[in-house]
Amino acid sequence: MIRFFNTLSGKIEPFKPITPGEVKLYTCGPTVYDYPHIGNYRAYMFEDLLKRFLKFMGFKVTHVMNITDVDDKTIKGAVERGISLQEYTKDFTEAFFSDIDALNIDRADFYPRATEHVQKMAQMVKGLHEKGYAYEKDGSYYFSIAKFKNYGQLSKIDLSGRKVGVRIDSDEYEKESVHDFALWKARKEGEPAWDTVLGLGRPGWHIECSVMSTKYLGETFDIHCGGVDNIFPHHENEIAQSEAYNGKKFVNTWLHCQHLIRDGEKMSKSMGNTITLRELIEKRKVDPMAIRLLLLSTHYRKILNFTCDALDQAHASLRRIRDFVYELENSQFPAGEKKSVVELIDDMKQTFSMGLSDDLNMSVSLTAVFEAIKKGHILLSQGTIHQGDAMNLLSALRSVDDVLGILQDKNESDLPLDIVQKIQAREKARIEKDFALADKIRQELVEEGILLEDTKDGTRWKRIQRK
Ligand code: AMP
Ligand code: ZN
């Protein structure tokens, strides 16, 4: 049985999708006003883990992630740079897709962009106005939270200090300012605007997700995710808009990940403590799969403290897995297989899925994998592994890697050009029997984190921890 902590109920509860065997999943995507930082990727990684795990358990998952390409922050950025919103958001959107590929995050089925759904957003706001949940002021429309009796059900905010009819225009605000919020913002000089049933204007941030999730997943769907900072006001407002409009429950299960922190503070642009993925990969030459493993290793509801030590540890763990796989793939073993190895594998797989079934308890699942590797290493060192055992172990590791995603490094084939050229130069030196040069290049590559090994099938390379 799979159990998740549902923010809505505040409890761990059994997970049951609306349609047996199928899960409809919506995850709030990036606001493309800057390069995403590693804190954002904690959220996207937790969602990737959730999706991969559900697939591993046999569910068909339909995953939608929006791209917020119009909101207060994107407009501010575009206005400051004096370029169009589209021009401004294009680079950040591309950076996001290239980063998720680098981290081997599985692509969603749909990436709707807010700017492509503005007419539908205006129609929904019009509908809310007609139903009496929204009111108009100077061409802008606001959601009246007093009209929606379940307001606060997700975030459990204290509504006692609320003043009826006090409005807030900005997309983001704190719990202390529980106010009627903007659904639609009337056109302002110098800002982009759309001509709609409400007149000229643009959507508020919250209505975007209500429209895009419903369009692709239906009026009621299974799981909605984000970071804990999304609970209020974003997700609370999504529920209010959607349930008021459709008269139905919006989402059954809400999952939220805790923050990634650095130097004791939430990583965020406003704190000035962000690190982007490209900074880690390109400048600091960190292996993206070590970042992936680090982000996955801490339980999603616990704060993750991002430090160099934690990254080194993730590197070391990654290396342990890769080295074991390499040994199994490249050694010769006598024919046959042992029952004890089959049992060891069964134990690993069972504990792996049991851990994740318990509200994505990754530490139980990872311990099961490393325990199996430890036992496998002992067998390797004793020389008691047979060919069948090696095959069984490899296929079991590949199967758990469908969830972990750290062995199928999509980027293995596209090593940086300078590394490829060095590998070729060494090969040439070897053929020309210039062994001194070949050794020198080999050593340089070790320092870059690439180990070359000459096998009877030619030279192979693997990533190792940088010296
Ligand atoms: P944004 O682009 O600011 O809307 O954020 C995109 C996603 O990243 C949201 O789900 C946020 O909750 C999440 N997020 C932002 N900062 C952090 C952080 N420091 N740790 C974890 N998740 C974060
Ligand atoms: Zn959202």
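The values are calculated or read from the model by the stated rules, or taken from the named source; none is laboratory data. In this text the structure is predicted, and so the values were computed from the model without any measurement. A quick note on method: Cβ atoms are made from the backbone with ideal geometry, for glycine too, and the neighbour counts reach across all protein chains shown. Accessible surface is based on the protein model in full, side chains and every heavy atom, while ligands, DNA and RNA are left aside. Shrake-Rupley method; radii C 1.70, N 1.55, O 1.52, S 1.80 Å.
When you go through (1) modelled with pLDDT under 95; (2) over 33 Å from the mean Cα position of the chain (by Cα); (3) among the charged types (D, E, K, R) one by one for residue 327, which number turns out not to apply?
(2)
Name every residue in the stretch 14-49 that is within 16 Å of ligand 2 (Cβ to nearest atom), within 17 Å of residue 256 (Cα to Cα) and not acidic (Asp, Glu), in order of residue number.
Going residue by residue through the stretch 14-49, those that are within 16 Å of ligand 2 (Cβ to nearest atom) are 24-33, 36, 40, 43-44, 46-47.
Next, only the ones that are within 17 Å of residue 256 (Cα to Cα) stay: 24-30, 40, 43-44, 46-47.
Residues satisfying the conditions are 24, 25, 26, 27, 28, 29, 30, 40, 43, 44, 46.
Restricting attention to strands (runs of 3 or more DSSP E) lying wholly within the stretch 171-238, give those where 2 or more residues are under 22 Å from residue 259 (Cα atoms) and within 16 Å of ligand 1 (Cβ to nearest atom).
Details: elements: 180-186, 194-196, 199-203, 221-227.
Per the criteria, 221-227.
Pairs only if they're at least six apart or on different chains, beta carbon under 8 angstrom, first in the stretch 236-257 and free of Cβ contacts under 8 Å to residues at least 24 places away in the same chain, second polar (S, T, N, Q); list them, first residue then second.
none
Kindly list, by first and then second residue, each pair from a residue in the stretch 318-347 that is farther than 14 Å from residue 373 by Cα to a residue that is among the charged types (D, E, K, R) and part of a helix (DSSP H, G or I), limited to pairs with Cβ atoms under 6 Å and residues at least 6 apart or on different chains.
That search, which allows pairs on different chains as well, returns 337/389; 338/389.
Considering only residues that are of a type in the set (A, V, I, L, M, F, W, C) and assigned to a helix (DSSP H, G or I), which ones fall in the stretch 378-396? Show your work before the answer.
Here is the first cut: in the stretch 378-396, the residues of a type in the set (A, V, I, L, M, F, W, C) are 378-380, 385, 390-391, 393-394, 396.
Within the stretch 378-396, 378, 379, 380, 390, 391, 393, 394, 396 meet the criteria.
Within the stretch 248-288, restricting attention to residues that are more than 9 Å from ligand 1 (Cβ to nearest atom) and within 25 Å of residue 14 (Cα to Cα), which residue is surrounded by the fewest Cβ atoms within 10 Å (Cβ to Cβ)?
248
Hey, does the stretch 297-306 have a residue that's in a helix (DSSP H, G or I), at pLDDT 95 or above and of a type in the set (A, V, I, L, M)? Write out each step before concluding.
Restricting attention to the stretch 297-306, the residues satisfying the condition of being in a helix (DSSP H, G or I) are 297.
Then drop every residue that is not at pLDDT 95 or above, which leaves 297.
Filter once more, keeping what is of a type in the set (A, V, I, L, M): none.
No, there is no match, as no residue in the stretch 297-306 is in a helix (DSSP H, G or I), at pLDDT 95 or above and of a type in the set (A, V, I, L, M).
Looking at the stretch 32-55, can you tell me whether even one residue there is in contact (Cβ under 8 Å) with a residue 40 or more places away in the chain, closer than 18 Å to residue 214 by Cα and not polar (S, T, N, Q)?
The answer is no, given that none of the residues of the stretch 32-55 is in contact (Cβ under 8 Å) with a residue 40 or more places away in the chain, closer than 18 Å to residue 214 by Cα and not polar (S, T, N, Q).
Given the condition assigned by TED's automatic domain parsing to the domain that holds residue 250 and closer than 24 Å to residue 402 by Cβ, answer yes or no: does some residue in the stretch 69-83 qualify?
Within the stretch 69-83, the first condition is being assigned by TED's automatic domain parsing to the domain that holds residue 250, and the residues that meet it are 69-83.
Now drop any that are not closer than 24 Å to residue 402 by Cβ, which leaves none.
The answer is no; no qualifying residue exists.
Would you check if residue 402 is surrounded by fewer than 17 Cβ atoms within 10 Å (Cβ to Cβ), at pLDDT 95 or above and within 22 Å of residue 47 (Cα to Cα)? If you could, list the steps in order and put the result at the bottom.
Details: surrounded by fewer than 17 Cβ atoms within 10 Å (Cβ to Cβ): yes; at pLDDT 95 or above: yes; within 22 Å of residue 47 (Cα to Cα): yes.
For residue 402, the condition - surrounded by fewer than 17 Cβ atoms within 10 Å (Cβ to Cβ), at pLDDT 95 or above and within 22 Å of residue 47 (Cα to Cα) - is met.
I need every pair where a residue in the stretch 367-387 that is without any contact (Cβ under 8 Å) to a residue 40 or more places away in the chain has its Cβ under 6 Å from the Cβ of a residue that is open to solvent by 70 Å² or more (accessible area, probe 1.4 Å) and of a type in the set (D, E, K, R), sequence separation at least 6 or different chains.
Close Cβ pairs satisfying both conditions: none exist.
Limited to the stretch 289-306, what total is found for residues that are farther than 18 Å from residue 318 by Cα and either assigned by TED's automatic domain parsing to the domain that holds residue 94 or open to solvent by less than 30 Å² (accessible area, probe 1.4 Å) (or both)?
Number satisfying all stated conditions: 2.
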